[in-house]
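The values are calculated or read from the model by the stated rules, or taken from the named source; none is laboratory data. Model, not experiment: these values are computed from the prediction. Here Cβ is always computed from backbone atoms with ideal geometry, including for glycine, and neighbour counts include all displayed protein chains.
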């Protein structure tokens with residue numbers, strides 16, 4: 001059985017068995033995440049992989065699994081004590097960034113003068129856990145990279161009025177060359193996260209070092225050359241090819 005629609009997935013969930021396949025965006029509602037464990041135990045195949053789908057949705061999961069590709073001292077705060085424990089590491093950072101989980105378009109992003117300021121707010125029970133904490137990389141370039149099969153492109157996001165570079169927050173974009181070093185970095189991130197294709201946001205410092213900001217199976221492509229429609233068509237081709245290979 002090969003299922004492509006989430007409505008079919010819920011209808012036939014209890015009938016799925018080893019070798020059955022779900023292809024596409026597996027939209028699990030809050031509280032349904034346990035079903036992923038059940039699918040693994042029953043040998044049900046999911047494409048793109050369950051790992052990539054969960055990473056795509058959660059900044060927390062990204063920081064935990066892909067943290068080695070991110071800025072040094074990135075961590076996940078699950079409770080107030082985690083902030084306090086990281087105070088010594090952040091003594092050298094003059095500003096910090098907080099990322100709320102499952103918030104997109106820059107709406108869950110905030111900047112603080114110090115980890116102490118963030119901890120003070122958290123101590124008043126005004127900040128819901130968990131969230132990701134990172135050093136603020138001053139003057140960093142923000143490059144969005146799109147990779148799907150052999151197709152790849154990159155464009156830079158800029159915003160002189162805010163540290164949020166998102167186009168939805170007033171940012172602008174300009175196309176840039178995707179050099180081999182950056183492409184290799186992105187493909188290594190994708191292999192670690194088991195992504196068949198991805199949209200990545202990469203921070204670049206003055207020394208041309210690359211740091212993963214976020215990665216997703218989908219996202220805004222307003223500044224891209226390919227656009228949403230063609231990206232959707234390429235994703236469909238990847239998904240269809242996966243199904244055909246299963247039948248071989």
Item to complete: Could you tell me which of the residues 69, 47, 75, 54 is in contact with a helix residue (DSSP H, G or I) (Cβ under 9 Å, 6 or more places away or on another chain), closer than 19 Å to residue 142 by Cβ and surrounded by 17 or more Cβ atoms within 10 Å (Cβ to Cβ)?
Response: 69
Worksheet item: If you go through segment 223-240, how many residues are touching a strand residue (DSSP E or B) at 6+ places or on another chain (Cβ under 7 Å) and either over 19 Å from residue 186 (Cα atoms) or free of Cβ contacts under 8 Å to residues at least 24 places away in the same chain (or both)?
Response: 1
Worksheet entry | Residues (at pLDDT below 95 and either part of a strand (DSSP E or B) or buried (at least 17 other Cβ atoms within 10 Å of the Cβ) (or both)) located in segment 164-194 | 164, 165, 166, 167, 171, 172, 173, 174, 175, 176, 178
Discussion item. Could you check segment 17-52 and list, in sequence order, the residues that are over 15 Å from residue 246 (Cα atoms), in contact with a strand residue (DSSP E or B) (Cβ under 7 Å, 6 or more places away or on another chain) and modelled with pLDDT of 95 or more?
Written reply: 39
Practice prompt. Please indicate, with yes or no, whether at least one residue in segment 88-96 is modelled with pLDDT under 90, loosely packed, with under 14 Cβ neighbours inside 10 Å and outside the structural domain of residue 200 (by TED's automatic domain parsing).
Written response: yes
Response to the item:
Looking across segment 79-102 at residues that are in a helix (DSSP H, G or I) and in contact (Cβ under 8 Å) with a residue 24 or more places away in the chain, the single one that is farthest from residue 136 (Cα to Cα) is 80
